[in-house]
1. Name every residue in the stretch 21-57 that is acidic (Asp, Glu) and buried (at least 18 other Cβ atoms within 10 Å of the Cβ), in order of residue number.
2. Could you say whether any residue in the stretch 78-85 is at pLDDT 85 or above and farther than 15 Å from residue 33 by Cβ?
3. State which residue is surrounded by the most Cβ atoms within 10 Å (Cβ to Cβ) when the search covers only the stretch 68-89 and only residues that are more than 17 Å from residue 21 (Cβ to Cβ) and of a type in the set (Lys, Arg).
Amino acid sequence: MTDADPRPDGRLGDAIARAQAGDMNALHFLYVRYADEVYGYVNSIVRDDHAAEDLTQDVFVKLLPAIKKYEQRAVPFAGWLLRVARNAALDHLRSRRQIPSENVRVSDPGHEQIGSDRLGSLRMALERLPEDQREVMILRHIAGLTPGEIAGVLGKTESSVHGLHHRARLEVKDALRELGAAPVTAAA
């Protein structure tokens, strides 16, 4: 999803300019280009597939009026769009503040697959991270953004993104080790 050039040109730049002028076909082009990445990022925040689908649709519905505010400066379009998606996801979470209640647990009579066990362990390890470290990890490894693009999305310096990423990787590694899900490495 990364836009290497902060000032898009070619088809992307043309689509942005046309969408800013109200062209629905250009907005459709942007939807096709970015919907999967927006969905993945929003889902990593809200942790609910259905809510993530709805929020992704909302982001693109609101994009037509919002894109008029986009200026082709230092922040790539992908970073700007993810910031819009992040704000929508955080607004959603704020509107759904949970009321404390008794936990309900349902036993699973079947056996979980190893892949889902690993995914569950990774999710638990990520949940242990402070929010800023978790966002950096998700933007870097799931959304595929560069540290510079992440800095633009989060409004941080690139060096702080590097530091957050480094600390997050160490904490995830330790958490996976505690959970018994650390990758097996060859002995030196």
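The values are calculated or read from the model by the stated rules, or taken from the named source; none is laboratory data. Please read all numbers here as calculations on a predicted model, not as lab measurements. Neighbour counts run over all protein chains shown; Cβ positions are idealised from the backbone, glycine included.
1. Going residue by residue through the stretch 21-57, those that are acidic (Asp, Glu) are 23, 36-37, 48-49, 53-54.
Selection gives 37 alone.
2. Just the residues of the stretch 78-85 that are at pLDDT 85 or above, to begin with: 78-85.
In the following step, the residues that additionally are farther than 15 Å from residue 33 by Cβ were identified as 83.
Scanning the stretch 78-85 turns up at least one residue that is at pLDDT 85 or above and farther than 15 Å from residue 33 by Cβ.
3. So the first thing to find is which residues in the stretch 68-89 are more than 17 Å from residue 21 (Cβ to Cβ), and the list is 73-76, 78-89.
Narrowing further to those that are of a type in the set (Lys, Arg): 73, 83, 86.
On the way: 73: 10, 83: 15, 86: 19.
In this case the residue turns out to be 86.
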